[in-house]
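So the structure is just underneath, and the comments pick up after that.
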Amino acid sequence: MEVLGLWRYAVKSLQGERLESARLEDGGLVGDRRWGIRDLRTGRILTARRRPELLGAAASYDGELPVITLPDGCTAVGPGQGTDTLLSRWLGSPVSLVASAGDAGGRAEYFADATDDNSQAIEWTMPAGRYVDSAAVLVLSTASLRTAAQLHPGGVWDPRRFRPNVLIDAGGEGWLEDTWVGRTLLIGAVVLVPLQPCVRCTMVTRAQPGLGADADVFRTLARHHRGLFGVWCDVLTGGTVSVGEEATVGARRPAPRSPGNHAL
């Protein structure tokens, strides 16, 4: 296997930037999801689950400052009143660009029915310090993409729809990443620990530049794989990874020892 693609998403739910190399640290890919757009009326971090138009904008970096490019070509650099005014005008409601650093856990919402925007909105809290849905790094394989495409050949299974940090080119078919849980994923000197499959939601159905809306993408995953696609990973050993680098799966990690009755 080898690394086929790397993505960093500077601002939660905006288009990311494709990279040739990236550094991973304990908290994940450096710069990934370090910023979010906060709804000043509710205090929640906006996502494309509730505001699908977010996927029409893109975010990258100028040094350590996020650069946001709106669909009309207007740009904003870094946080501040000018950026907030531009974003608020675009979204039609008062919002602010905020950093995830120091945030005890951003609040956001998803729909109870991933194919129905009129279904109940449910709030959840993201991990502290970064606006990720679950764990530090999201990894997807081409084996899973091929498998899903065979089940819904009319869909466009572009990896951008699923927003991975790392895309692994792997032979064969099947939900390959499921088999990595409990083992290690080694990319050069970097060691990732696959924790659990990624539970998918409304996001994968949304339209974005070059991709039309498709609720059957989610329905296919729900029908054939319990809505799972890709795997969430923690970073055990950090370092730099590059496109084209070999990736291997290590031996199964021993389960943590149960405390049992040792205290008795």
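Residues that are under 13 Å from residue 28 (Cβ atoms) and not charged (D, E, K, R) within region 219-238 comprise 232, 233, 235, 236, 238, listed in sequence order. Residues in region 50-80 that are in a loop (DSSP other than H, G, I, E, B) and either more than 26 Å from residue 113 (Cβ to Cβ) or at pLDDT 95 or above (or both): 51, 57, 63, 64, 70, 71, 72, 73, 74, 78, 79, 80.
Taking strands (runs of 3 or more DSSP E) as the structural unit, those lying wholly within region 102-174 and holding at least 1 residues that are surrounded by 14 or more Cβ atoms within 10 Å (Cβ to Cβ), touching a residue at least 12 places away in the same chain (Cβ under 8 Å) and among the basic types (Lys, Arg) correspond to 107-111.
Within region 228-248, the only residue that satisfies the criterion of being charged (D, E, K, R) and under 18 Å from the mean Cα position of the chain (by Cα) is 234. Just to be sure before I move on: is residue 190 at pLDDT 95 or above, touching a Phe, Trp or Tyr at 6+ places or on another chain (Cβ under 9 Å) and within 24 Å of residue 32 (Cα to Cα) in the structure I sent? Judged against the criteria, residue 190 is not a match. Taking region 175-193 as the range and being in a loop (DSSP other than H, G, I, E, B) and not hydroxyl-bearing (Ser, Thr, Tyr) as the test, the residues that pass are 175, 181, 182, 183, 188, 189. Of all residues in region 47-92, exactly one satisfies the criterion of being buried (at least 18 other Cβ atoms within 10 Å of the Cβ), hydroxyl-bearing (Ser, Thr, Tyr) and touching a helix residue (DSSP H, G or I) at 6+ places or on another chain (Cβ under 9 Å), namely 47.
Residues that are within 30 Å of residue 120 (Cα to Cα) and among the basic types (Lys, Arg): does region 199-217 have at least one? For region 199-217, residues within 30 Å of residue 120 (Cα to Cα) and among the basic types (Lys, Arg): present.
Which ones in region 194-209 are surrounded by fewer than 20 Cβ atoms within 10 Å (Cβ to Cβ), of a type outside the set (A, V, I, L, M) and in a loop (DSSP other than H, G, I, E, B)? The answer is 201, 209.
The values are calculated or read from the model by the stated rules, or taken from the named source; none is laboratory data. Bear in mind that the values here come from a model prediction, so they are computed numbers and not experimental data. Neighbour counts are summed over all protein chains in view; Cβ atoms, including those assigned to glycine, are modelled from backbone coordinates with ideal geometry.
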